[in-house]
Amino acid sequence: MSDLAARFLASLAPRQSLGVAVSGGGDSMALLHLAVACGLKPAVVTVNHGLRTEAAAEAAQVAAVAQSLGLCHTTLLWENWDHVGNLQDIARKARRSLIAAWARESNIATVALGHTQNDVAETFLMRLQRSAGVDGLATMAGHWSEGGVLWQRPLLNFARKDLRLWLQEQGKTWVEDPSNNNPRFERVRARAALTHLQPLGLTPARLAQVADHLAEARAALDVLADQWATQTLREEAGTVLINPALWTAPAETQRRVLQRVILWIAPADYAPRGQQLGQLLMRLAQGQAATLAGVRFSQARGVLRALREFKVTTPRCDADQIWDGRWRVAGDLPQGAEVGALDTTGLVQCPDWRSTGLPRAALLASPAVWLGDKLIAAPLAGFQTASIRALPLHPLL
């Protein structure tokens with residue numbers, strides 16, 4: 001086993017029930033061939049975004065390579081782009097969603113991606129241009145759970161040029177995506193900028209090292225935020241009560257705690273930007289009400305409460321699904337039941353809602369079980385059957 005393969009194997013765990021995402025490019029082909037060189041037998045998946053005429057042929061090439069290695073291969077087709085928004089970001093999310101569904105259906109617990117040290121450096125530059133803070137500049141996560149799958153990036157400490165050199169030595173080929181040379185894309189421009197920074201010593205390896213240091217700083221800041229969150233936050237029926245003692249914490253800690261509150265009440269792919277959080281902090285410190293990212297902060301009788309903004313709650317869904325990104329209902333549910341916001345129509349059917357002590361605005365956005373126009377249960381508004389409960393998907397603390 002080569003030194004490169006040994007390094008790769010050491011960075012990959014667990015190795016059972018493994019899938020690898022392979023586009024046909026150099027990074028992902030190196031991922032595939034390194035896995036095989038280490039004696040692994042991963043399932044292989046390729047996503048055809050349908051955005052280039054060559055994509056189908058490239059997916060077929062990956063399938064042929066996988067077959068020659070005795071591996072199973074699946075091509076997934078993305079067909080739902082409406083040509084609105086950031087293409088690369090939307091395509092990344094779609095790719096992740098498709099692969100996660102494939103992995104669950106195939107009983108694959110872990111999926112490896114081919115991001116490299118160069119990707120870390122390019123991302124660092126892109127976020128630096130946006131004035132990102134510690135979280136944005138910190139290195140890519142090496143592993144995380146999402147969509148019922150454990151994702152890994154075992155090549156984050158590998159330089160792209162070393163991987164391609166290894167492929168050449170092994171007599172392996174790969175395809176070059178023309179979009180990787182299209183300056184319309186921010187990542188391509190960042191990649192080009194790196195070539196000019198290297199004479200200054202700002203190599204991909206050096207920038208990746210800085211990103212690693214910032215990841216360590218992020219971890220330390222998160223520990224401090226955990227401590228303050230435990231001391232100053234209290235969950236009450238899906239809302240969060242915030243102790244004013246939080247304003248004595250360092251400003252960065254205040255931002256992190258509020259960020260945690262917002263993402264718990266209104267889960268999203270990205271937290272609000274630092275400038276938005278700074279403006280929110282200023283208003284709250286002055287005793288004002290404020291709204292950010294679908295979360296309303298209201299102050300009454302010296303109590304600061306964060307709650308879901310009713311007008312942006314998601315539509316009703318089947319009662320066995322997650323509603324509004326964080327609520328699930330459990331119990332004896334009639335067939336055809338849906339879960340959605342209580343809203344004004346349901347609130348008038350809850351004569352005891354005032355006894356809950358919760359603000360009307362919070363109850364309007366609270367989960368309720370409906371059967372057509374009939375309210376079946378509103379657990380947080382005092383209208384419920386003993387068998388039906390509404391539970392947040394994740395705990396606040």
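The numbers here are math on the coordinates, done by the rules we state, and not lab data. Given the structure is predicted, the values throughout are model-derived calculations rather than measurements. Here the Cβ positions follow ideal geometry from the backbone for every residue, glycine too, while neighbour counts run over all protein chains shown.
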- Dimensions in Å of the range 310-392 - Rg and Dmax from alpha carbons: 11.3, 32
- Exposure-ranked with fewest Cβ neighbours within 10 Å first, PHE185, PHE8, PHE297 stand as PHE185, PHE297, PHE8
- Please build a GNM for the chain, connecting alpha carbons under 10 Å apart, and tell me which residue among VAL47, VAL22, VAL175 fluctuates the most. VAL175
- In what sequence do TRP144, TRP264, TRP247 fall when counting other Cβ within 10 Å, fewest first? TRP144, TRP247, TRP264
- Message: Run lengths n ≥ 4 of DSSP H only: what is the helix-derived mean residue ellipticity at 222 nm for the chain, with -39500 (n - 2.57) per run over all residues, to the nearest 500?
- Response: -12500 deg cm²/dmol
- Task: Quick one: what are the phi-derived ³J(HN,Hα) couplings along the range 43-59, Karplus 6.51/-1.76/1.60 with θ = phi - 60°, whole Hz, x for glycine and proline?
- Result: 7, 10, 9, 10, 9, 9, 6, x, 9, 10, 5, 7, 4, 5, 5, 5, 5
- Item | Hz values of 3J(HN,Hα) by residue in the range 335-347 - Karplus curve (6.51, -1.76, 1.60), Gly and Pro given as x | 4, x, 5, 10, 10, x, 5, 5, 6, 5, 4, x, 4
- Item | Using θ = phi - 60° and Karplus 6.51 cos²θ - 1.76 cosθ + 1.60, couplings along the range 13-27 (whole Hz; Gly, Pro as x) | 7, x, 10, 7, 6, 9, x, 10, 8, 10, 8, x, x, x, 5
- Say we join alpha carbon atoms closer than 10 Å with springs in a Gaussian network model of the chain; which of ARG127, ARG301, ARG52 then has the biggest fluctuation? ARG301
- Item | Relative contact order (%) - the range 310-392, alpha-carbon pairs under 8 angstrom, separation at least six | 33 percent
- Of ASP27, ASP212, ASP332, how do they rank once you tally other Cβ atoms within 10 Å and put the fewest first? ASP332, ASP212, ASP27
- Item | Rel. contact order, % - alpha carbon contacts under 8 angstrom, at least six apart, the chain | 11 percent
- Item | Distance (nanometres) between label positions extended 7 Å along Cα→Cβ at ALA237 and SER131 | 4.1 nm
- Query: For labels at MET1 and TRP247 in the simple 7 Å Cα→Cβ model, what's the distance in nm?
  - Reply: 5.8 nm
- Quick one, which of (i) 24, 54, 21, 1; (ii) 23, 48, 27, 2; (iii) 19, 44, 28, 9, 0 is the actual P(r) over Cα pairs in 20 Å bins from 0, in percent calculated for this model? (ii)
- Using Cα positions and a limit of under 18 Å, work out the aspartates and glutamates in reach of LYS161, with same-chain residues fewer than 8 apart set aside. ASP3, ASP27, ASP119, GLU122, GLU169, GLU176, ASP177
- Pull up the DSSP beta bridges for the chain and report the antiparallel fraction as a percent, rounded to 5. 70 percent
- Query: Using 7 Å Cα-to-Cβ label points, what is the LEU396/THR345 separation (nm, one decimal)?
  - Reply: 3.0 nm
- So for the range 3-206, using the alpha carbon gyration tensor with a ≥ b ≥ c as root eigenvalues (a/c under 1.5 gives rounded; past that, a/b versus b/c decides prolate or oblate), I'd call it rounded
- GNM top mover of SER131, SER355, SER179 - the chain, alpha-carbon springs below 10 Å: SER355
- Here FRET efficiency (C-beta to C-beta, MET282 to ASP177, R₀ 35 Å, nearest 0.05) is 0.20
